[in-house]
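Remarks on the structure that follows.
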Amino acid sequence: FLTAGYMGRLYWVAFLGEPKSENAAKAHEGGLSMTLPLIVLAILSIVGGHIALWPDQLTGYIGAGLDALAAREGYSELYKTIFIWGTVAWVLGLVGSLFFYGKGAKSDRLEDKARSVYRLIEGRLWFDEIYDYYVAKIQQRFAELLAFLDVFVLKGLILRGSAGVVGVLGIFSRRLHDGNLHGFVYWFLAGTLIALALALGWLNFS
């Protein structure tokens with residue numbers, strides 16, 4: 001039903017409608033290098049379902065499967081049910097797409113007549129938005145936490161032991177004399193705050 005619906009929309013709008021832009025109006029068919037493969041594929045899609053045209057190896061294998069399926073109890077009734085309802089589905093899909101879009105409709109009638117339903121379908125249950133939020137806000141932050149624990153805690157402290165501790169201290173101590181003016185300002189401010197805390201009695205090392 002859905003396949004017939006969107007393929008029907010494609011046919012009604014693209015093949016029976018008017019060009020909606022200047023570029024579309026000036027468009028032309030591709031060359032033989034594009035047209036010929038499409039013709040070959042179209043022919044194969046038509047004859048592909050005829051088992052008698054298949055190679056003997058494939059015909060025998062598929063034919064045996066079909067014979068076994070046909071021999072099962074209730075196959076005839078099941079085949080009729082699938083045939084009837086399958087036909088009803090694609091017919092309704094084509095007719096429905098013709099009703100909503102018409103021959104070359106320039107607007108979506110579903111959007112015009114039932115905007116709330118259209119917005120609900122267009123939103124795709126907001127799956128993309130929910131997934132993007134999960135990746136950016138949850139998965140990425142959790143991955144950054146694991147990366148920090150892996151580099152600094154696991155590899156730096158636990159696996160390397162004292163060497164890891166010295167390495168971590170070295171990372172911070174290098175900031176004292178890296179020649180970066182911004183680094184000197186930060187250390188100066190930190191020292192000023194520590195001195196102020198000592199003067200006010202907030203810190204007591206005695």
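The values are calculated or read from the model by the stated rules, or taken from the named source; none is laboratory data. All values reported here derive from a predicted model rather than from experimental measurement. Here the Cβ is made from the backbone with ideal geometry for all residues, glycine too, and neighbour counts use every protein chain on show. Side chains included, ligands, DNA and RNA excluded: accessible areas come from the protein's heavy atoms. Shrake-Rupley method; radii C 1.70, N 1.55, O 1.52, S 1.80 Å.
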Inset, instruction - Return a whole-number percent for the relative contact order of the chain, with Cα pairs under 8 Å and 6 or more residues apart as the contact set. - result: 26 percent
Inset, instruction - Identify, among Phe172, Gln139, Phe152, the residue whose Cα sits farthest towards the positive end of the charge dipole of the chain, taking +1 on the Cβ of Lys and Arg and -1 on the Cβ of Asp and Glu, with the dipole about the Cα centre. - result: Phe172
Inset, instruction - Could I have the simple spin-label model distance between Leu169 and Phe188, label points 7 Å from Cα toward Cβ, reported in nm to one decimal? - result: 2.7 nm
Inset, instruction - Assuming R0 = 35 Å, can you tell me the calculated FRET efficiency for the pair Phe152 and Asn204, based on Cβ-Cβ distance, to the nearest 0.05? - result: 0.70
Legend entry - Among [x] 46, 44, 29; [y] 95, 51, 42; [z] 54, 36, 28, the entry that matches Cα extents along the principal axes in Å as calculated here: [y]
Inset, instruction - Please give the per residue accessible area of region 64-116, computed with a probe of 1.4 Å over protein heavy atoms only, in Å². - result: 80 Å²
Legend entry - Charge dipole magnitude, Cβ of K and R +1, D and E -1 - region 58-206, Cα centre, debye nearest 20: 320 debye
Legend entry - Carbon plus sulfur fraction of accessible area for the chain, probe 1.4 Å, in percent: 70 percent
Inset, instruction - Please compute the net charge surrounding Ala105, taking Lys and Arg as +1 and Asp and Glu as -1 over other residues with Cβ under 10 Å from its Cβ. - result: +2
Inset, instruction - Would you mind checking region 80-102 for residues with the amide N under 18 Å from a putative spin-label position 7 Å along Cα→C-beta of Tyr11? - result: 86-102
Inset, instruction - Could you give the DSSP H helices of the chain that reach 15 angstrom or more along their long axis (alpha carbon positions) and whose average Kyte-Doolittle hydropathy is no lower than -1.0? - result: 32-47, 56-70, 75-101, 162-173, 181-199
Inset, instruction - State in Å² the accessible area per residue of region 1-56; use a 1.4 Å probe, count heavy atoms of protein chains only, and round to the nearest integer. - result: 86 Å²
